[in-house]
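Student: Before I ask anything, here is the structure I am working with.
The values are calculated or read from the model by the stated rules, or taken from the named source; none is laboratory data. Please read all numbers here as calculations on a predicted model, not as lab measurements. Every residue, glycine among them, receives a Cβ derived from its backbone with ideal geometry; neighbour counts consider all protein chains shown. Accessible surface areas use protein heavy atoms only, side chains included; no ligands, DNA or RNA. Shrake-Rupley method; radii C 1.70, N 1.55, O 1.52, S 1.80 Å.
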Amino acid sequence: MKRYFSLLLMLVFPALVHAQLTVNFMPEVQGRTLEGVMSAKLMNSQQRRSCYMVVRITVAGGGLIAEAQTPAFDVQPGMNLIPQHAAYNAAWKFGSGKVAVVVKQSHQFPEGEYEYCFELYENVKGAPGEMVADQCFNYDLQPLSPLMLTEPYEGDHICEKRPPLFWQPLLPAIPGMEYRLLLVEVKEGQARAEALHYNMPVIRQAGIQAPMLLYPPLSRELTEGKKYAWQVTAVRNEMVLARSEVWDFTVKCEDTVAKRPVDSYRSIDDLAKGNFYIAEARILFSVDNYHAAKPLDYTITSISKPNEKLRKLPKVDLQTGRNQILIDLDGVKGMVDGDYYLLSVRLPNGETKQLRFLYKSENE
C-alpha cells in the first residue's frame, strides 16, 4: 500500500507545484499587442520565488510569430504584475512569416487565430531552472471597430436640456465590456479636450452596458447657450479597449427643430442619416419601392423603457413606386408622451433603415 501511495504522490506532486503559480491572461483584450501580452498577471499561492518567463506566440497555419525571455524577477505571494523592467528588457525574437513581420514592425497582431503560451522557470544560478508553470490560451482575434459617437452630432445645436446620448457599439462584443461617458461644459476660449480633462463633469457615468445613455435623472440639466463636450470609453476590468473622439454640441433652442406641417414628407434616407425626429402623433416619410406591392415591414421599440411592449401598430401598405408613408401613432398602445423610440423599417430589397424619435401626443 505504501508503494502505491508513494507512486500516487509522484504523479500528483508536479501538478500541485504548477497549480501554485498560474497566469491570468485575457487574449480578447491583452492579446492585441506585444505590450498587452506583457500585461498578463501571475497568481502565486505560495511563498516568494525568483523566476524568469518565456512567452511564445504562434498563429494557426503560420508558425511562430514571436518569442521572448524576460530577465529574472521576484513573484510575491498573491496577484502580481510582470515588473516593468522585466517586460521592457525581454529579448524578443520573431518568426519569418508575413504576420510575424507585421507584428515586428507595429507590435500589433492582425486578424488571426493565435495561441499565447506562458512558461515560468525557477531562477537558479549556473543551471537551467525547473519549469514551475506553463499555460496556453487560444483566441480567434478579430479587429475592433472604431468607437464612434452618433448623437448629439459634432458641432450640433440642440434644444433639449436633458438629451439622450448615442454611439456605435464596439465590435466584436467582448464579454464583460462596459462603457464610460464623460460630459463637461466648455468655457469660452477653451479647447474641448482641455475642458474634458480639467472641468467639473456634468455627467460621469460608468457601468453602461448599451451604446446609449438616457440623461441621468440626478445630473443637472444643461444650460441654453452653453457648449458641452463629451467622450465615451470602452473598458473591461479597468483596461481601456477604445476611446471615441471628443465631440461638442451647443444647447440653442432657436432655429433648431421646427414643427413640420402635416403634408411634409421627408425621404427616409435623409431621416436615417439625421437619425432623430420629433413625432407629433405621427411619423411621415417618403420611400421608393421598386418591387411588388406589399405591407410595410416595420417595428417600433421603446428606448426609454426597453422592456415595454407596444401593441396595435397600424398596418401600412407599400405600393410600387414613390410612397408617402404616414404611421399614425395615436392608437398604438403603450406609447408615452416624452419617451424615446426606435423605428426600424425593412425595405423590400432587404435594407433596413432606423430612425430614433421623440413621441409627442397630439393632445399635448
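Student: Need one word for the stretch 184-248: rounded, prolate or oblate. Basis is the Cα gyration tensor (sqrt eigenvalues a ≥ b ≥ c); a/c below 1.5 gives rounded, then a/b vs b/c decides.
Tutor: Details: a/c = 2.31, a/b = 1.39, b/c = 1.66.
Since a/c reaches 1.5 but b/c is at least a/b, the shape of the stretch 184-248 is classed as oblate.
Student: Okay, moving on. Leaving out ligands, DNA and RNA, and with a 1.4 Å probe, what % of the accessible surface on the chain is carbon or sulfur?
Tutor: Reported share for carbon and sulfur atoms: 52 percent.
Student: For the chain, with only Lys/Arg (+1) and Asp/Glu (-1) charged at the beta-carbon, what is the dipole magnitude about the Cα centre, in debye rounded to 20?
Tutor: 780 debye
Student: Here is a further query. For the chain, modelled as a Gaussian network with Cα springs under 10 Å, which listed residue fluctuates most, Leu213, Leu326, Leu144?
Tutor: Leu326
Student: Additional query: Would you kindly derive the ³J(HN,Hα) couplings of the stretch 209-221 from the backbone phi angles with the Karplus curve 6.51 cos²θ - 1.76 cosθ + 1.60 (θ = phi - 60°), listing them in order in whole Hz, with x for Gly and Pro?
Tutor: With coefficients 6.51, -1.76 and 1.60, one gets 8, 9, x, 6, 9, 6, 4, x, x, 7, 7, 5, 6 Hz.
Student: Here is a further query. Assign unit charges at the C-beta atoms only (+1 for Lys and Arg, -1 for Asp and Glu), then state the dipole size of the stretch 102-157 relative to its Cα centre in Debye, rounded to the nearest 20.
Tutor: Working: 2 positive and 11 negative charges, 74 e Å.
Once rounded to the nearest 20, the dipole reads 360 debye.
Student: Still on this structure: Among His197, His85, His107, what's the order by accessible area (1.4 angstrom probe), most exposed first?
Tutor: His197, His85, His107
Student: Specify the residue with the greatest mean-square fluctuation among Gly112, Gly31, Gly61, computed from a Gaussian network of the chain linking alpha-carbon atoms under 10 Å apart.
Tutor: Evaluated over the chain, the most mobile residue of the options is Gly61.
Student: Could I ask something else about it? Counting only protein chains, not ligands or nucleic acids, how are Arg243, Arg282, Arg346 ordered by accessible area (probe 1.4 Å), most first?
Tutor: Result, largest first: Arg243, Arg346, Arg282.
Student: Taking loop as defined by DSSP and a crowding limit of 15 other beta carbons within 10 Å, which trypsin sites (Lys or Arg not before Pro) in the stretch 71-141 fit? Kindly include the intermediate steps, with their values, before the conclusion.
Tutor: Details: sites: Lys93, Lys98, Lys104, Lys125; in loops: Lys125.
Taking the stretch 71-141 and a limit of 15 other Cβ atoms within 10 Å, the loop trypsin sites (Lys or Arg not before Pro) found are Lys125.
Student: Given H placed 1.01 Å from N in the peptide plane, which residues other than close sequence neighbours of Gly112 have an amide H under 5 Å from its amide H?
Tutor: Leu141
Student: Related question: Could you point to the residue in Gln168, Thr150, Ala40 farthest towards the positive end of the chain's charge dipole, with +1 and -1 charges on the Cβ of Lys/Arg and Asp/Glu respectively?
Tutor: The Cα lying farthest towards the positive end belongs to Ala40.
Student: Amide H to amide H, which residues 5 or more places from Ser286 or on other chains are under 5 Å from it, using H placed in the peptide plane?
Tutor: Amide H neighbours of Ser286: Arg266, Ser267, Ile268, Ile325.
Student: Using a 1.4 angstrom probe, figure out how much accessible area the chain has per residue, in square angstrom, rounded to the nearest whole. Provide the component values of the computation, followed by the final result.
Tutor: Working: 20630 Å² over 364 residues.
Normalised by residue count, the accessible surface of the chain is 57 Å².
Student: Considering only Pro143, Pro110, Pro217, give the residue with the highest GNM mean-square fluctuation for the chain, with springs between Cα atoms whenever their separation is below 10 Å.
Tutor: Pro217
Student: Here is a follow-up. Using the 2.2 N^0.38 Å rule of thumb for compact globular proteins, work out how the stretch 278-364 stacks up: its C-alpha Rg over that value, please.
Tutor: Dividing the Cα Rg of the stretch 278-364 by 2.2 N^0.38 Å gives 1.09.
Student: Rounded, prolate or oblate for the chain? Axes are the square roots of the Cα gyration tensor eigenvalues, ordered a ≥ b ≥ c, and the cut-off for rounded is a/c under 1.5.
Tutor: Prolate, because a/c is 1.5 or more and a/b exceeds b/c.
Student: List the equivalent ellipsoid semi-axes of the stretch 13-89 in whole Å, largest first, each obtained as the square root of 5λ for an eigenvalue λ of the Cα gyration tensor.
Tutor: 23, 15, 12
Student: Now, a different point. Could you work out the local net charge near Glu67, counting Lys and Arg as +1, Asp and Glu as -1, over the other residues with Cβ closer than 9 Å to its Cβ? Write out the running numbers ahead of the final one.
Tutor: Numbers: positive: Arg56, Lys93; negative: none.
With Lys, Arg at +1 and Asp, Glu at -1, the neighbours total +2.
Student: Let me ask something else. Under a Cβ-Cβ limit of 4.7 Å, which cysteines in the chain have nobody to pair with?
Tutor: When partners are defined as cysteine Cβ atoms under 4.7 Å apart, the chain leaves Cys51 without one.
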